[in-house]
1. Please list, in chain and number order, the residues 5+ apart from VAL45 or on another chain whose amide H is under 5 Å from its amide H, with Hs placed from the backbone.
2. If you plug each phi of segment 224-230 into the Karplus form 6.51 cos²θ - 1.76 cosθ + 1.60 with θ = phi - 60°, what whole-Hz ³J(HN,Hα) values come out, in order, with x for Gly and Pro?
3. Highest GNM mean-square fluctuation, the chain, Cα pairs closer than 10 Å: which of ALA197, ALA150, ALA260?
4. As a test of the definition: which semi-axes, in Å, follow for segment 130-233 when you take the square root of five times each eigenvalue of its alpha carbon gyration tensor? Largest first, please.
5. Using each residue's phi in segment 88-94, evaluate 6.51 cos²θ - 1.76 cosθ + 1.60 at θ = phi - 60° and report the 3J(HN,Hα) Karplus result to the nearest Hz, with x for Gly and Pro.
6. Calculate how steeply helix 27-38 sits against the longest principal axis of the alpha-carbon atoms of the chain, using the helix alpha-carbon long axis, and give the answer as 0 to 90 degrees to the nearest 10.
7. Under a Cβ-only charge scheme (Lys and Arg +1, Asp and Glu -1), can you give me the dipole magnitude of the chain about the Cα centre, in debye to the nearest 20?
8. Let me test this: with uniform point scatterers at the alpha carbons of segment 236-275, what is the Debye-based log₁₀ I(q)/I(0) at q = 0.18, 0.32 1/Å?
Amino acid sequence: MGDQTDVQQTAGTVPAGAPVGIVGAGTMGVGVAQCFAEAGHPVVVVDNDPGVLASGPARLRAGIRTATLVRPGSRQARAGVPASRVDSLVTWSAELADLADALLVVECAREDEDVKEGILRELDRICGSEAIFASNTSCIPVSRLGSFTARPDRVIGTHFMNPAPLKDAVEVIRAPETSGLTVERTEAFLARLGKHAHVVRDAPGFVTNRVLMLTLNEAAAVLGEGTADAETVDRIFQDCFGHPMGPLRTADLIGLDTIADSLEVLRRHTGEDRFRPCALLARLVAEGNVGRKSGSGFYQYSSQHLTAPGGTDRG
């Protein structure tokens, strides 16, 4: 790892083909892995769930096909990595120890502070001193995450949007302890992916989810109170505000369990009860109806069709 470290010490630079680690093989983890592989970085994806890990390669290939159809030749052409070779740059593992050589590790574990603490403490022990730990946290303050390591200056937030391969913006969160060099190198990594970094100061929920989670929760409350059905709520946001999907379809895409977890994190770190998940959101999560990934949320999903609750088939 010596040669890589020497190159990494140059301010604001990232060596071509620098090894990258991803913790978490869920939707975001696989999407972020695809972004780095498309840019020519060898990637190791780690997850301790055998089922999630086993399905990762197929989900990666599906993501590559989607990106090729939606944006033919765009990112792959710029990176010089053809779509047919992207998955060969990604390896899969159940062991965090396999990230020892990574110069950047993107943590994409679920939004649970205890889970993230365990991962970061172990990464701090395993990875070289030059490695940057970038958390894809959606709400937990980065300063808190950095406190779990002996390198808070090298901990930063990289909040990728979903689906990561198709979104060109990343919300980058700089904690008070995060060094300027870490910010520069993170921006350099993201630039290799063809992504623009929007750097913000550390706070619970940052900009995106401090605002978005309240919006999604209130949209669910409006639906639960019977003010309008799901289709109407979303159509109002699409037609009046130019939203591409509307809040309830967006919530189903993100995952209602993720939204409920994020709201609880915001409530805990701000002390404000307005972040409490509304009754309908809490009920759907308790029932396991958490959106697209479960087949049901605010809408019902079956093949190419979706149905609004209490409404008609709209496929």
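Taken together, the values in this text are just the output of simple stated rules run on the coordinates, not laboratory data. Keep in mind that this is a model prediction, so the values were computed, not measured. Cβ sites come from the backbone with ideal geometry, for glycine too, and all protein chains shown count toward neighbours.
1. Under 5 Å from the amide H of VAL45: ILE22, THR91, TRP92, SER93.
2. Residue by residue, segment 224-230 yields x, 7, x, 5, 7, 7, 4 Hz.
3. ALA150
4. 32, 16, 9
5. Once rounded to whole Hz, the list reads 6, 8, 10, 10, 10, 8, 9.
6. 40 degrees
7. Roughly 740 debye, rounded to the nearest 20.
8. Here log10 of I(q) over I(0) equals -0.61, -0.90.
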